[in-house]
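Please treat every number below as a calculation from the coordinates, not as lab data. No experiment lies behind these values; they were computed from the predicted model shown. Cβ: placed from backbone, ideal geometry, glycine included. Neighbour counts: every protein chain shown.
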Amino acid sequence: MDKSYDIVIHGAGISGLALALSLVRREVAYKPSVLLLDKNMPEFRPEFDIQPRSVNDFDNRVFALNHAGKKLLESIAVWPGDDSVRVFSYDQMYVWDAGGHGQIHFDAAETGLPLLGYIIEGRVLHGWLTKAASAEPMIEMTGNIELESYEEADTGLRLHLSSGDNPGTRLLVGADGTQSPVRRLADIDTICWSYHQQAVVTTVETEIDHADTAWQRFLPEGPLAFLPMQKPWCSIVWSVSERRAQDLCDMPEEQFAECLMTDFEGRLGQIKTVGARAGFPLKFAHASRYTANRVALVADAAHTVHPLAGQGLNLGLLDVSALSRQITEAIAKRQDIGSRRVLRAYERSRKGDNWLMQGSFDAIKHLFSNQQSALAYLRNAGLNIVDGLAPVKNVFMRKAMKGRIC
Ligand SMILES: Cc1cc2nc3c(=O)[nH]c(=O)nc-3n(C[C@H](O)[C@H](O)[C@H](O)COP(=O)(O)OP(=O)(O)OC[C@H]3O[C@@H](n4cnc5c(N)ncnc54)[C@H](O)[C@@H]3O)c2cc1C
């Protein structure tokens, strides 16, 4: 007899794991049963709990996490504390335009908060979540499995997995990333285009101390960000054309260091060492709906944004929090967790906000890529004007740092 679960989450990435934990770690009388499936096998790597000592000890994928993201991780008891050896923070940010003299400086002190945000490595965050989920009796995790199809049954869905198992569920959640198989199986359309760019990521050692500051220079091809890790290391995210990305990943380390220093105007001096490099294709994608019959999408399965504002995962964690809240409330009221009413309430709470944020990032991307001299002049003047207006700057900072965790 195939088992049944209250919720099946397809995708045990950061959003899938966070959702599973958020569902079972809330203070409620009834804890739902959760099956978490992934084509890979999630594993906890204890080496990521120790102090990094060289450029090779870091994961080259990192996330700038805002206060709302941290709050969600605290609420599910996976935040190790601000003083953990793998939690890096920043209290200042400089953004400037390569095509002029415009620049803007954000300072945490102006917001009344001690810092602007955190930098966390992807594998570290994934490791914390996997360890926590493995300890939860109501979460069953299975790797090396894919969802092949599903069908509607009496009071739920019947899933057909690559293992040959056919579990039942009342709700299927697609937390399976930008190519989301759940989105495809549920026949949900997506508005989507490629930026024909890749983000080249790596860790570098810099000659000059990063001063707990996040740095971003807008170049004609795309932004180049230096994100502060443990001193003297920074993680970089460098958005360039697909062709240049390939060249940057293939060239010798010294040549890469030279190109990087030039494009960064040498603000942190020489680039002394460079870690493993990788390129990630960049695209815009937004699902036309976040829900279908007994199906919900979260995070990159619902929306994929340009990394220029470091907000993709932060938006995804807000989805996780909102969906988990709707499900928990439905359970408390003895409602059907897969009902249209519950799922629509989730979609209404997130879709507008996500559209707005995603549209803003796309507009910024195009504004800074445009080399028309009049526009470049206005852009630079605009940056300087905003820089001089503390209340306007505060609005930007608060928008990027916060979000409602339910
Ligand atoms: C270069 C770069 C830098 C970024 N920087 C930031 C940042 O600073 N801050 C920020 O907030 N966001 C950032 N983002 C965005 C962030 O990476 C994503 O929003 C986030 O990783 C999405 O997480 P997810 O769990 O939704 O998807 P994923 O991490 O893609 O996880 C999806 C999971 O589903 C599984 N899966 C996929 N297909 C199948 C299948 N067929 N069967 C079974 N399982 C499947 C995968 O194995 C994976 O485990 C950045 C993105 C890029 C590209």
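Values computed for the structure shown
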{"read-out": "Approximate spin-label separation residue 158-residue 193, in nm, with each point projected 7 Å along Cα-to-Cβ", "value": "4.4"}
{"read-out": "Sequence of 31, 70 once ranked by neighbouring C-beta atoms within 10 Å, starting from the fewest", "value": "31, 70"}
{"read-out": "Beta bridges by DSSP in the stretch 23-147, antiparallel share as percent, to the nearest 5", "value": "75"}
{"read-out": "Relative contact order (%) - the stretch 4-401, alpha-carbon pairs under 8 angstrom, separation at least six", "value": "21"}
{"read-out": "Principal-axis tilt of helix 14-24 within the chain, Cα atoms, nearest 10 degrees", "value": "40"}
{"read-out": "Residues 247, 176, sorted so that the one with the fewest Cβ neighbours within 10 Å comes first", "value": "247, 176"}
{"read-out": "Where labels lie 7 Å past Cα in the beta-carbon direction, separation of residue 113 and residue 71 in nm", "value": "0.9"}
{"read-out": "Mean ellipticity per residue at 222 nm, deg cm²/dmol - from DSSP H runs of n ≥ 4 across the chain, formula -39500 (n - 2.57)", "value": "-11000 deg cm²/dmol"}
{"read-out": "Relative contact order for the stretch 146-242, counting Cα pairs under 8 Å that sit 6 or more residues apart, in percent", "value": "20"}
{"read-out": "Total charge dipole magnitude, the stretch 4-401, about the Cα centre, Cβ charges on Lys, Arg, Asp, Glu only, Debye to nearest 20", "value": "1320"}
{"read-out": "Farthest toward positive dipole pole in the chain [+1 Lys/Arg, -1 Asp/Glu at C-beta], among 322, 281, 101", "value": "322"}
{"read-out": "Rounded if a/c under 1.5, otherwise prolate or oblate - the chain, Cα gyration tensor axes", "value": "prolate"}
{"read-out": "Rounded tilt (10° steps) of 390-401 against the dominant C-alpha axis of the chain", "value": "40"}
{"read-out": "C-alpha long axis of helix 312-332 to longest principal axis of the chain, angle in °", "value": "20"}
{"read-out": "Gained length - residue 166 relative to residue 179, 0.36 nm times residue gap less alpha-carbon distance", "value": "2.4 nm"}
{"read-out": "The stretch 42-143: relative contact order in percent, alpha carbon pairs under 8 Å with at least 6 residues between", "value": "39"}
{"read-out": "Extension gain, residue 263 back to residue 27 (0.36 nm per residue minus Cα-Cα distance, nm)", "value": "79.9 nm"}
{"read-out": "Label point at residue 4 placed 7 Å out along Cα→Cβ; residues across the stretch 171-186 whose backbone nitrogen lies under 12 Å", "value": "171"}
{"read-out": "Rounded to 5, percent antiparallel among DSSP beta bridges of the stretch 4-401", "value": "70"}
{"read-out": "Built amide H within the under 5 Å cut-off of residue 4, gap 5+", "value": "168"}
{"read-out": "Under the Karplus curve 6.51 cos²θ - 1.76 cosθ + 1.60, θ = phi - 60°, whole-Hz ³J(HN,Hα) for the stretch 235-248, x wherever Gly or Pro sits", "value": "9, 10, 10, 10, 8, 9, 4, 4, 5, 5, 4, 4, 4, 5"}
{"read-out": "Fewest-first sequence of 235, 54 by Cβ atoms within 10 Å of each Cβ", "value": "54, 235"}
{"read-out": "Simple spin-label estimate for residue 40 and residue 341 in nanometres, 7 Å along Cα-Cβ", "value": "4.0"}
